[in-house]
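The values are calculated or read from the model by the stated rules, or taken from the named source; none is laboratory data. Fair warning: this is a prediction, and the values are worked out from it, not measured in the lab. Here Cβ is always computed from backbone atoms with ideal geometry, including for glycine, and neighbour counts include all displayed protein chains.
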Amino acid sequence: MPRALITGITGQDGSYLAEQLLARGYAVDGLVRPPRPAPDADAGAPVRPDHLAAVRGHAGLTLHTAALDGTDDLVALLERVRPDEVYHLAAESRVAVSALDPAGTATVNVRLTRDLLAAVGRVVPEARVLFASSAAILAPSPHPLGEDAPRGPLTVYGSSKLTAHEAAAAARADGLFVAVAILFNHESPRRSDDFVTRKITRAVAEIAAGRREGLELGNLHAVRDWGYAPEYVDAMRRMLEVATPLDVVLATGVGHTVADFCSAAFAHAGLDWRDHVRVDDAHRRSREADALVGDPALAERALGWRASTRALDVARLMVDDDLLRLGAPTG
Ligand code: NAP
């Protein structure tokens with residue numbers, strides 16, 4: 001039975017990955033950080049649902065609660081677990097929070113990545129590692145963006161991911177099997193409220209339930225390549241099955257505007273988005289790419305993977321989930 005260690009197991013991707021690996025007969029070890037006081041950046045944030053609810057108590061799942069502080073802690077963890085595969089997903093993934101807390105972001109996104117790679121090299125150098133990089137490392141340039149697209153992050157989050165990506169490349173050059181997924185946006189009912197897709201679908205449900213009237217958004221013209229998270233974690237697993245560790249763009253290859261996403265989400269609840277959405281410059285990010293659309297050609301060629309759930313269907317799935325939570329009828 002293969003054994004996988006997942007950092008960031010409590011997040012959107014980590015929880016889907018845990019479910020999929022357990023269903024395949026893996027033993028799964030997950031790294032969970034200890035409960036902590038909410039940082040200022042999180043003040044007032046709603047309590048997140050338990051994404052691991054479906055697998056808690058599964059005989060194949062072991063959770064390790066630890067504040068990992070340095071390579072020695074990670075060495076001790078890896079000596080206990082001795083994983084065949086390591087999926088390094090833990091990160092401060094929220095662009096806005098990364099801007100408010102660059103030091104905390106660097107600690108988890110960069111230092112933890114370096115420490116983990118060093119510990120893998122010491123304890124389980126034969127293990128296969130997947131690092132979750134991001135389209136946010138790329139510079140605005142002609143689309144679609146492939147693995148060799150120019151680097152040039154616009155945000156603290158993107159810079160931290162680029163530094164970690166380079167650490168992953170260096171570890172690969174030193175002989176470790178480190179595959180790097182260059183992830184374009186992927187969403188699901190487990191997406192946190194910090195992301196525009198979730199803001200939209202939650203507002204749709206609340207408006208449909210008569211709990212609010214409108215939604216303010218910053219930039220309706222931004223184009224994003226939104227896929228469906230469970231499919232992206234399947235691609236991550238495939239990346240550890242191929243003979244050579246690769247950098248692979250995971251994307252649908254299709255871009256939609258925020259307005260398109262709004263239109264589909266509101267229509268799914270029988271609403272016209274133009275009656276409810278207002279543009280408010282206070283919600284506009286000063287530095288963000290106008291368009292981010294990926295080129296999934298290598299993923300298809302090397303992994304036999306292709307995103308099948310399209311952005312506007314993801315919007316509808318998320319609206320259904322938000323309506324369900326509010327006890328409203330679904331579309
Ligand atoms: P997510 O839902 O925000 O989950 C992040 C995970 O990292 C959570 O388990 C979180 O733990 C953990 N984490 C955060 N700070 C930590 C810290 N200081 N120490 C230890 N653990 C920490 O993110 P996701 O959407 O699943 O994304 C997974 C990975 O893919 C991330 O590396 C993200 O940057 C990358 N990525 C995602 C997308 C996307 O569209 N989803 C796109 C590009 C790249 P808590 O539960 O305790 O907060």
* What is the number of the single condition among (1) over 20 Å from residue 33 (Cβ atoms); (2) modelled with pLDDT of 95 or more that residue 141 does not meet? -> (2)
* Asked: Considering 167, 171, which residue is out of contact with any Gly (no Cβ under 9 Å at 6 or more places or on another chain) and either over 24 Å from residue 229 (Cβ atoms) or part of a loop (DSSP other than H, G, I, E, B) (or both)?
  -> 167
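Determine, yes or no, whether residue 31 is crowded, with 19+ Cβ neighbours inside 10 Å, out of contact with any Gly (no Cβ under 7 Å at 6 or more places or on another chain), over 26 Å from residue 199 (Cα atoms) and at pLDDT 95 or above.
yes
Would a scan of region 192-201 turn up a residue that is over 30 Å from residue 260 (Cα atoms), in a loop (DSSP other than H, G, I, E, B), touching a residue at least 24 places away in the same chain (Cβ under 8 Å) and within 11 Å of the ligand (Cβ to nearest atom)? Give the derivation first.
Looking only at region 192-201, we keep the residues that are over 30 Å from residue 260 (Cα atoms), and these are none.
No, that holds for no residue.
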* To do: Please go through region 111-130 and pick out each residue that is surrounded by 19 or more Cβ atoms within 10 Å (Cβ to Cβ) and not in a helix (DSSP H, G or I).
  => 124, 127, 128, 129, 130
* Give the residue that is farthest from residue 245 (Cα to Cα), with candidates limited to residues of region 82-99 that are more than 10 Å from the ligand (Cβ to nearest atom) and either modelled with pLDDT of 95 or more or surrounded by 16 or more Cβ atoms within 10 Å (Cβ to Cβ) (or both). => 99
* Looking only at region 131-146, which residues are part of a loop (DSSP other than H, G, I, E, B) and of a type outside the set (A, V, I, L, M)? -> 140, 141, 142, 143, 144, 146
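I'm checking my understanding of the structure. Among residues of region 63-80 that are β-branched (Val, Ile, Thr) and within 16 Å of the ligand (Cβ to nearest atom), which one is surrounded by the fewest Cβ atoms within 10 Å (Cβ to Cβ)? Explain how you work it out, then say what you get.
Taking region 63-80 first, the residues β-branched (Val, Ile, Thr) are 65, 71, 75.
When the remaining residues are screened for being within 16 Å of the ligand (Cβ to nearest atom), the result is 65, 71.
On the way: 65: 10, 71: 19.
The selected residue is 65.
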